[in-house]
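To start, the structure under review is shown below, and the notes come after it.
The values are calculated or read from the model by the stated rules, or taken from the named source; none is laboratory data. Keep in mind the model is a prediction, meaning the values are calculated, not measured. Here the Cβ is made from the backbone with ideal geometry for all residues, glycine too, and neighbour counts use every protein chain on show.
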Amino acid sequence: MLEKVLVANRGEIALRIVRACQELGVSAVAVYSEPDEFSPHVLTAEEAIPIGPAPAGESYLDIDRLLDAARRSNAQAIHPGYGFLAENPEFARRVEEDGFLFIGPSAAAIGAMGDKTEARRRMLSAGVPVVPGSEGPIETDDQARAEAARIGFPILLKAAAGGGGKGMRVVEEASELPRAFEAATREADQAFGDPRVYMERFLARPRHIEIQVLADAHGHTIHLGERECSIQRRHQKLIEEAPSPAVNADLRAEMGKVAVAAAEAVDYVGAGTVEFLVEDGQFFFLEMNTRIQVEHPVTELVTGVDLVQWQIRIAAGARLEVDADPDWPAGHSIECRISGEDPFAGFFPSTGRIESLYVPTGPGVRWDGGIARGFEVGLHYDPLLAKLVVYAPSREEAIMRMRRALRELQIEGIRTTQPFHLAVMDEPDFRAGEFSIQYIDEHPELLADGAASWQERAAAIAAVLLEEERRERGGVSSGSPADPGPTPAREGRTAWQRAFDPR
Ligand code: MV4
């Protein structure tokens, strides 16, 4: 096993990796930018090395500084986490050139999957179903017209260097095509420095379902079932679960087989995710993410496999001992992303100091966070603060457990996505498992502030004032403040919630 791993990331994923190292008896080296000096990932690691000021370009994205930190600490391997340099083939190459192990796939595999047209080509020849579309990039207006006629409208223009939804454009009919093609080309060039654009048939209401794969360096690749990731807004996932309410054992086996073939087609090593769009029981390859993903815990909870530990073991040359288990998935897991954004203000970033933090615990609850009381949430990095993850025997029980855990959670000092998640847990379509990637757009009520009536607000404020008075008198709260009148402001709020959030 390795002795020392440098964690080239920050926040919740850096802490997740530090924990995996420690559970394997591996020493973890954290790196940190100036504002992160006292972050949990830094305080829990065996060593920590400063790598520069707040801007990511001068710290977490600075390859030279990271390699320098690895040399100085005598680390043998570098774990990139997600985001930052995780899918940068140049970083993977430099890490290995300098004699460290890159905890992830080869630079060649990252590069092949990073170019979306090349990925499509390779998937086609591996027998992986892709959305009907163009062979490669579109070069001319004439070609665009011909291809679109063959594929059928509506079509979607995508950047070859894209991913994550940037530079996409829906074209409803032939007359719009020349303008859309030109605009997409210009956007792609601006966003990625690569103007190449390709074309796919546009699927209107698909689900986004992805398969987790794990491959060792000895030619053994397995899949660990799917994650349902349809609940997203502007390509930011908000809620993920495993299994998907739309996948049965047959579809899982079929998608799993295809995902393994996709990984094998690029000689994949490590943990990876094959993304699919699923519509009417048909599935199509979208892209492959060559990193550990934010939502990996839901797979861990329904398989019992620690994916981050396996990334490290695989990098150290271990053989996969786990084999796909016929009992997977066992039970149900849901993850809610808790980020510093105001869901009632267009998910506007919310910054400030975490004044207090009460983290839910109890049966079946996991908190993967990177914050603590006193932590300053700024604008330099991704707003994800923590992931609240639950596990229960069934989907219904998992939803009730998530609802319970979300109600216990108390974060003061900044606004978070917590109340949005609470609303989703009570929303009938979510509860029925009936949704697509359009879910948020189709449920604008979820983004409307609780809309408590003035009577409800008055009742809530009265309850809080009573509670404060009781505390000032030094009395212990009975746990049941004076009856705030007819059933509570926003259905089912506890005294705990009313006291902290007199909405
Ligand atoms: C699509 C699509 C519909 N039809 N491709 C968005 C991100 C990028 N990875 C691919 N994306 C999409 N590709 C075809 N042919 C719809 C999306 C899409 C989407 C996909 C997954 C998760 C969320 C999404 C939100 C909007 C659009």
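Tabulated values for the structure
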{"read-out": "Test result for residue 188, in contact (Cβ under 8 Å) with a residue 24 or more places away in the chain and touching a Gly at 6+ places or on another chain (Cβ under 6 Å)", "value": "yes"}
{"read-out": "Any hit, the stretch 220-241, residues being surrounded by 24 or more Cβ atoms within 10 Å (Cβ to Cβ), part of a loop (DSSP other than H, G, I, E, B) and within 14 Å of the ligand (Cβ to nearest atom)", "value": "no"}
{"read-out": "Candidates 39, 27 - the one that is in contact with an Asp or Glu (Cβ under 8 Å, 6 or more places away or on another chain), at pLDDT 95 or above and of a type in the set (Gly, Ala, Ser)", "value": "27"}
{"read-out": "From 87, 118, residue being acidic (Asp, Glu) and within 22 Å of residue 309 (Cβ to Cβ)", "value": "87"}
